[in-house]
Every structure is written in C-alpha cells, then in structure tokens.
Amino acid sequence: MSLLSPATGHRRTVGAAAVRALQDAVPGVHLPGSEPYARLTRTSNLLHPVAPLAVVEVTGPDDVSATVRLAAAFGVPVAVQGTGHGAAEEMRDAILVHTAALDELTVHPQERWARIGAGVRWARVLEAAAPHGLAALCGSSPDVGAVGMLTGGGLGPVARSHGLSSDTVRAFDVVTGDGVLRRVTADEHPDLFWGLRGGKGTLGIVTAVEVDLVALPEVYAGGLWFAEADVPGVLRTWAQWCELLPHEGTTSVAVMRLPDVEPFPAPLRGQVTLHVRFAWTGDAAVGEEMVRALRAVAAPVLDTVRRMPYAALGEVHDDPVDPMPLHETHHLLDGFGVAGADRLLELVGPGVPSAQAMVEVRQLGGRVREGDPCAYAHRDAAYSLFVVGLMVPEVAQVVTRDAARIEAGMAPWLRDGGLPNFTGGSGPAWAQRVFTPLVARRLRALSRTYDPAGVLLAARGVRG
Ligand SMILES: Cc1cc2nc3c(=O)[nH]c(=O)nc-3n(C[C@H](O)[C@H](O)[C@H](O)COP(=O)(O)OP(=O)(O)OC[C@H]3O[C@@H](n4cnc5c(N)ncnc54)[C@H](O)[C@@H]3O)c2cc1C
C-alpha cells in the first residue's frame, strides 16, 4: 500500500519522467544523492533547504531554454538559483536551474558599463571595475549574486546617493517561461524591462545582465561599534542625525547580540552592541564632519570608518558568509525618529531579554525614491526593519515568539509591504507583501503572456 496520495504519486511519476527526458536533452543534470546535487542545492540560510527533483547546471541560454520547454511540456515547475543566498522555498516537485556556470564578466571602462553573467557574485564585479575607478551598485554583501539582487531591486550601502541598483540595468538576457531567449531593454520588450526590475524570478530566468557603472573609486565609509552602556545614547542620536543626513550619506544601525564565542571579536561578543553603518559618497572631509556627531556621543569600541576603495564596501556591513539557521522577518517603516528609537530600546535594548542576534534599521529615501517606474513597489518607504534570530533547536520557539513581540511593539511605525530581496516565503502570501495590487496585476498579465503554461515556480505568487 502506498502512503502517498494519488495526486502526490502522480506528480512524482511525472517528475521522474521529466527528469529522464531532461537527461537525454541537456548536459549537467544532477540527481539527489550526487555530489554536484548536494553542492548546488546549498543555501546560506540552513532553515531553507532546497530539495528539487533535479538540478540542471546550465552552461548557456540554450540549456535554460531546453529545460524550461521540457519542464513545461511535462507540467513540472522550474526554479532558479545562483548562490543560494535568497532561497525561500523547498522546490519539491520542481526542477532547479543553477546558474553558477554562467560566469561571463566584461567591463567596458570607456562607456562605463559591465555585462554580468547570472552566476557572477558582486565581489568579482567590484574587483573587475575597481582598476578603472568604477563601481557597480552592489548590496551589503559582495558574496551575493548580482542578478539575484538586481531582480529584487537592490538596496546597497550607497543607495541613498546612487539609487536602487536595478535602476542601473541597461539590458537583461532572459529566458521567459515560454522558453524563448529575449533581449530586454527600455526599448525592446519594455513591459518585461519594467517587470524584471523588482519582479524577482516571476517572469523568467535571466542569463546575463548589463549595468551602468558609476565613477566612484573611493568612499568614506565603514562601521562604528558601540558598547552596551552607550547603545541607548547613540541609537537616539542616530535616529535624529539620519533625519538630517544629506543624500550623500547612506546609513543603518543594528542592535547586535553576538554570542560570546570565537570568531567574534572580543569587545563585541557576549554583550548588546550597536553597529552603525555609514557610507558617504561626497567629499570625505564632509563625511568625517557628519560622523563626528556620532563619535561625540561615545567612543566606539571599534571604528572602521575611513576613506576606503569602493571595492572594500563589504566592510561597511561586514555580513557573515558562513551558512547558518536563521529566522528572519522584515518590515517597512513610514518613519523612525527618537520615538522609534526609544521603542526599539524598550523592545531589544540593553537589559531587555531578546532572542534576536540582530535587529537592523536601514534608512531608505534619497535617490531610492527616484528612478523609472518598475516592479519594485515600495520606493517611498522611509526605513526598513530586519530582525534576525539564530534558530538553534533549544530556542527556536522563543526566537519566533520574540520576533512577533518586536513586530507588535513596532506596529505604530510599520506600513504594509516588504522588499522582494528581504521578504522570505513564497506564493501568493509573499507576492501580496512585496507587490502592490497594481504591480501584482501587471505581473500576472505579463506572466500569462510570456509563460502561458505557468512553468516558473516564482510566478505562482502573482498567478494565484
Ligand atoms: C548576507 C546577505 C546580505 C544581503 N544584503 C542585501 C542588500 O544589502 N541589499 C539587497 O537588496 N539585498 C540584500 N540581500 C538579499 C539578496 O539580494 C537576495 O537574497 C538575492 O535574492 C540573492 O540573490 P542570489 O542570486 O545571491 O541568491 P539565490 O538564492 O541564488 O537566488 C535568490 C532568488 O533570486 C532570484 N534569482 C536568482 N537568480 C536569478 C536569475 N538568473 N533569473 C531570475 N531570478 C533570479 C530568484 O527569485 C531566486 O529565488 C542580502 C542577502 C544576504 C544573504
């Protein structure tokens, strides 16, 4: 007797047939149990493992087209992954297209643009652009994939002065759900150009992207870490200070509770600390003036703010790179200010029990509000709140409850919605958070046109 429902049994049979057909049609098909499958399905958040029927390690757009067409013929969904940094759903019963081998990268220094394959991480782009004094608008972690980040809009450490990363996109090469490779620009398929900037993987599998580079060899940037006793004073000052900060400055704060273990630096671990991140793209002397207000509140225990090459921008947030089991919640705020800072201190400040490793407030605004209309739906949000807890089994329930407590406490500042790159989950619930109803409706219409069979797993959210 089978323990599977007839529907599950049928899906499995169809899935197995699709995988067999794929093995005949495309090279690089890896099955569960193999070393490449294990390597390519790795995710950086261990709480979000992926377990597709098979992984196709594509080597070019033709492999992507063939996979998408074949999967559509069998009615099997297709997902995409480049690094596993943004994995959100299990992908069971789906085929995963893995883009790591799409590793082309060309910098055109005279015309200031770069062509980036879907498997390339920001670190390589930064390194290649730096010798020409040029910068690509990466996110806080250079380890993240450029294409994955750009399809979600992309809010980097210089976002307030230089705008949303996806506003620098000139062109996408994308295989849409009908299996057709299309070049997409503001003039060619402008509807897809709108939708791919912010729509994540709902409309297709991007194989390469072309972005403008900006002349920005150096920034005045880094992090200031403050000890437990100084957290309230600095956080309140930061909240006032950032409201007056010109657009040349991009900043965020994180209330951190780092465990008292290696490899965390001794002055930061085992206590509540405040990590202020700052990147100034104007005159460094003016940037230094700006930071003086924070340095005057208390002496930081660690201060890395200095003139630095743009290529070292990853040091501003100093994001971890090792995989960890993380519970993450994300919200958008209409404002913050001293009242918001006071509330946050009541919720997670020194002396308050909190199970979160990091509670981050990012200031948005500035040039993020500008730019052509695209599927990125929340340009006008003032701040974002990101709450991250380490999900070790003993405290898993506490972490989840604690995140809900923080959300409830910050309710007066919260607005509906979330950013596609920071909002976990999948399906309609995810789409409802990251897209406004108007954006979702437009994406649904595009999805029906370019993906008639509904083969793209990520499109389920907008198709309902
Ligand atoms: C440490 C860390 C720091 C971060 N900092 C920032 C930040 O500062 N700003 C910011 O905006 N985001 C940030 N993010 C979020 C990050 O941009 C998203 O998680 C992004 O989706 C990661 O892309 P990836 O390709 O690396 O991940 P993957 O797991 O490979 O992909 C995640 C998703 O991106 C989409 N995608 C990936 N490749 C393609 C493709 N070829 N075609 C179409 N869609 C594709 C799909 O929806 C896919 O499910 C951060 C994430 C981490 C882990």
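The values are calculated or read from the model by the stated rules, or taken from the named source; none is laboratory data. Here the structure is a predicted model, which means the values were calculated and not measured. Here the Cβ is made from the backbone with ideal geometry for all residues, glycine too, and neighbour counts use every protein chain on show.
Kindly provide the set of residues from the range 331-350 that are farther than 27 Å from A229 by Cα and either buried (at least 16 other Cβ atoms within 10 Å of the Cβ) or hydroxyl-bearing (S, T, Y) (or both), ordered by number.
Of all residues in the range 331-350, those farther than 27 Å from A229 by Cα come to 331-332, 334.
Correct list: H331, L332.
In the condition set (1) in contact (Cβ under 8 Å) with a residue 60 or more places away in the chain; (2) among the hydroxyl-bearing types (S, T, Y); (3) in contact with a strand residue (DSSP E or B) (Cβ under 8 Å, 6 or more places away or on another chain), S166 is compliant with all but (3). Residue count for the range 316-337 under the criterion of being over 16 Å from Y383 (Cα atoms) and away from the ligand (no atom under 13 Å from the Cβ): the result is 2. Filtered by the rule that a residue be in a helix (DSSP H, G or I) and under 23 Å from the mean Cα position of the chain (by Cα), the range 447-464 gives S447, L457, A458, A459, R460, G461, V462, R463. Among the residues of the range 260-282, the ones that are of a type outside the set (G, A, S) and in contact (Cβ under 8 Å) with a residue 40 or more places away in the chain come to 12 in all.
Might you check whether a residue that is surrounded by fewer than 16 Cβ atoms within 10 Å (Cβ to Cβ) and among the hydroxyl-bearing types (S, T, Y) occurs anywhere in the range 36-45? Step through it out loud before you land on a result.
To start, the set of residues in the range 36-45 that are surrounded by fewer than 16 Cβ atoms within 10 Å (Cβ to Cβ) comprises 36, 38-39, 42.
Pick out the ones that are also among the hydroxyl-bearing types (S, T, Y) and you get none.
There is no residue in the range 36-45 that is surrounded by fewer than 16 Cβ atoms within 10 Å (Cβ to Cβ) and among the hydroxyl-bearing types (S, T, Y).
Being among the hydrophobic types (A, V, I, L, M, F, W, C) and either at pLDDT below 95 or within 16 Å of the ligand (Cβ to nearest atom) (or both) is the filter here; which residues of the range 418-448 pass it? L419, F422, A429, W430, A431, V434, F435, V439, A440, L443, L446, listed by residue number. Checking each residue of the range 195-204 against the condition of being among the small types (G, A, S), in contact with a Cys (Cβ under 6 Å, 6 or more places away or on another chain) and within 13 Å of the ligand (Cβ to nearest atom) gives at least one match.
In the range 89-104, the qualifying residues are those that are surrounded by fewer than 19 Cβ atoms within 10 Å (Cβ to Cβ) and touching a residue at least 40 places away in the same chain (Cβ under 8 Å), and the one that is nearest to the ligand (Cβ to nearest atom) is E89. So is R415 in contact with a Leu (Cβ under 6 Å, 6 or more places away or on another chain), away from the ligand (no atom under 13 Å from the Cβ) and touching a residue at least 60 places away in the same chain (Cβ under 8 Å) or not? So R415 fits the description; yes.
Can you name the helices (runs of 4 or more DSSP H) wholly within the range 129-215 that have at least 1 residues being hydroxyl-bearing (S, T, Y)? Show your work before the answer.
Details: elements: 146-151, 159-162, 190-196.
Fully inside the range 129-215 and qualifying: 146-151, 159-162.
Just one residue in the set A118, A114 is in contact with a strand residue (DSSP E or B) (Cβ under 9 Å, 6 or more places away or on another chain), near the ligand (Cβ under 8 Å from one of its atoms) and at pLDDT 95 or above; that residue is A118. Among the criteria (1) under 24 Å from the mean Cα position of the chain (by Cα); (2) in a helix (DSSP H, G or I), the one V395 does not fulfil is (1).
Suppose the filter is in contact (Cβ under 8 Å) with a residue 12 or more places away in the chain, among the charged types (D, E, K, R) and assigned to a loop (DSSP other than H, G, I, E, B); does R362 pass it? When the stated conditions are applied, R362 does not pass them. Restricting attention to the range 398-435, the residues that are assigned to a strand (DSSP E or B) and either of a type in the set (D, E, K, R) or farther than 16 Å from V359 by Cβ (or both) total 1. Of everything listed in (1) within 12 Å of the ligand (Cβ to nearest atom); (2) in contact with a helix residue (DSSP H, G or I) (Cβ under 6 Å, 6 or more places away or on another chain); (3) not in a loop (DSSP other than H, G, I, E, B), the single unmet condition for A123 is (2).
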